[in-house]
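To start, the structure itself, in structure tokens.
The values are calculated or read from the model by the stated rules, or taken from the named source; none is laboratory data. The structure displayed is predicted, hence computed values, not measured ones. Ideal geometry is used to build each Cβ from the backbone, glycine not excepted, and the neighbour counts take in all protein chains shown. Accessible surface areas use protein heavy atoms only, side chains included; no ligands, DNA or RNA. Shrake-Rupley method; radii C 1.70, N 1.55, O 1.52, S 1.80 Å.
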Amino acid sequence: MVSDVHGNSEGLARAGDGADAVVCLGDLILFLDYADHSRGIFPELFGVENADRIVELRTARRFEEARELGRRLWAGVDRDAAIESAVRKQYAELFAAFPTPTYATYGNVDIPRLWPEYAAPGTTVLDGERVEIGGRVFGFVGGGLQTPMRTPFEIGAEEYAAKIEALGHVDVLCSHIPPDVPELCYDTVARRFETGSAALLEAIRATRPRYALFGHVHQPLARRMRIGATECVNVGHFASSGTPWVLEW
């Protein structure tokens, strides 16, 4: 089980060693590495100094200033073409690294429309859908909710809740973002709350899956906690750890 791969294709290729399947909870793309500002699409296009500055602004939650800096940098650049070209390069490498079988859903920084071009037959992409793995039913909810960061795959709360409702009762509820619980949403390094889903929390309480698994928050205050009968687990920041979280039964 991996999430927040953010360009770690080398680790991804080893993630399935000894496992019956790999589950990926999204965020394959590395746009900007907050730990190493020299890595990712943004510094490749605009240099490390500008990457340093935009991280500083975003971390301070000065989002309008960060957007203004972005507007100045992108002026005169075909933004969509530049980003898509860089994303395609990363997707080609990352999807080639997926073991077989892999079950994957989107993160908030992913571009879903490109996935069908790169997903091999051994990779099953699910969003608002269920699949049986080893006798247990897994439900997948991809993407994130709308935030001031305006990442590529953010959707409205109603649309997100509808995907959860479509799953019904599952044994393992898989999402990119966490349920809306403060301890699971707070990032101790970024020193801010990431956006969690109230609909996920409601579904956990109502349907009582055995596990709720997610990523998105890279350094959470709490990596796991119980909500009623459900074990909620942040499966980790795979980009930095290179180590999958293992679910056994």
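Filter the stretch 23-36 for residues that are of a type in the set (A, V, I, L, M) and either free of Cβ contacts under 8 Å to residues at least 24 places away in the same chain or open to solvent by 60 Å² or more (accessible area, probe 1.4 Å) (or both) and give the result. Within the stretch 23-36, LEU32, ALA35 meet the criteria.
Within the stretch 71-80, how many residues turn out to be open to solvent by 50 Å² or more (accessible area, probe 1.4 Å) and either touching a residue at least 12 places away in the same chain (Cβ under 8 Å) or in a helix (DSSP H, G or I) (or both)?
Let us first name the residues in the stretch 71-80 that are open to solvent by 50 Å² or more (accessible area, probe 1.4 Å), namely 71-72, 75-80.
Restricting the remaining residues to those that are either touching a residue at least 12 places away in the same chain (Cβ under 8 Å) or in a helix (DSSP H, G or I) (or both) gives 71-72, 77, 79-80.
Number satisfying all stated conditions: 5.
Within the stretch 48-67, residues that are over 16 Å from ARG150 (Cα atoms) sit with their Cβ atoms under 6 Å from residues that are surrounded by fewer than 16 Cβ atoms within 10 Å (Cβ to Cβ), at 6+ positions apart or across chains, in these pairs: VAL48/SER38.
Could you list, in sequence order, the residues of the stretch 158-206 that are open to solvent by 60 Å² or more (accessible area, probe 1.4 Å), farther than 22 Å from PRO220 by Cα and of a type in the set (A, V, I, L, M)? The answer is ALA166, ALA206. Within the option set ARG39, ARG14, being open to solvent by 30 Å² or more (accessible area, probe 1.4 Å), in contact with a Gly (Cβ under 8 Å, 6 or more places away or on another chain) and either closer than 22 Å to ASP80 by Cα or hydroxyl-bearing (Ser, Thr, Tyr) (or both) holds for one residue only, ARG39.
Going by the conditions given, is PHE46 open to solvent by less than 70 Å² (accessible area, probe 1.4 Å) and under 25 Å from PRO178 (Cβ atoms)? Taking the combined requirement at face value, the residue does not satisfy it.
Only residues that are assigned to a helix (DSSP H, G or I), open to solvent by 30 Å² or more (accessible area, probe 1.4 Å) and touching a residue at least 24 places away in the same chain (Cβ under 8 Å) were counted across the stretch 84-101, and they come to 6. Among the residues of the stretch 102-123, those identified as surrounded by fewer than 17 Cβ atoms within 10 Å (Cβ to Cβ) and in a loop (DSSP other than H, G, I, E, B) are ILE111, ALA119, ALA120, PRO121, GLY122. Consider the stretch 55-70 and keep the residues that are modelled with pLDDT under 95, part of a helix (DSSP H, G or I) and among the hydrophobic types (A, V, I, L, M, F, W, C). The one that is surrounded by the most Cβ atoms within 10 Å (Cβ to Cβ) is ALA66. Within the stretch 226-249, the set of residues being of a type in the set (A, V, I, L, M, F, W, C), farther than 14 Å from PRO209 by Cβ and either open to solvent by 40 Å² or more (accessible area, probe 1.4 Å) or modelled with pLDDT under 95 (or both) comprises TRP245, VAL246.
If I filter the stretch 232-241 for residues that are outside any helix (DSSP H, G or I) and farther than 24 Å from GLY7 by Cβ, do I get at least one hit?
The first filter runs over the stretch 232-241 and keeps only residues outside any helix (DSSP H, G or I), leaving 232-237.
Add one more test, that the residue is farther than 24 Å from GLY7 by Cβ, and what stays is 232.
Yes, the conditions are met somewhere in the stretch 232-241.
Which members of the stretch 19-36 meet the condition of being assigned to a loop (DSSP other than H, G, I, E, B) and modelled with pLDDT of 95 or more? ALA19, ASP20, ALA21, LEU25, GLY26, ASP27, LEU28, ILE29, LEU30, listed by residue number.
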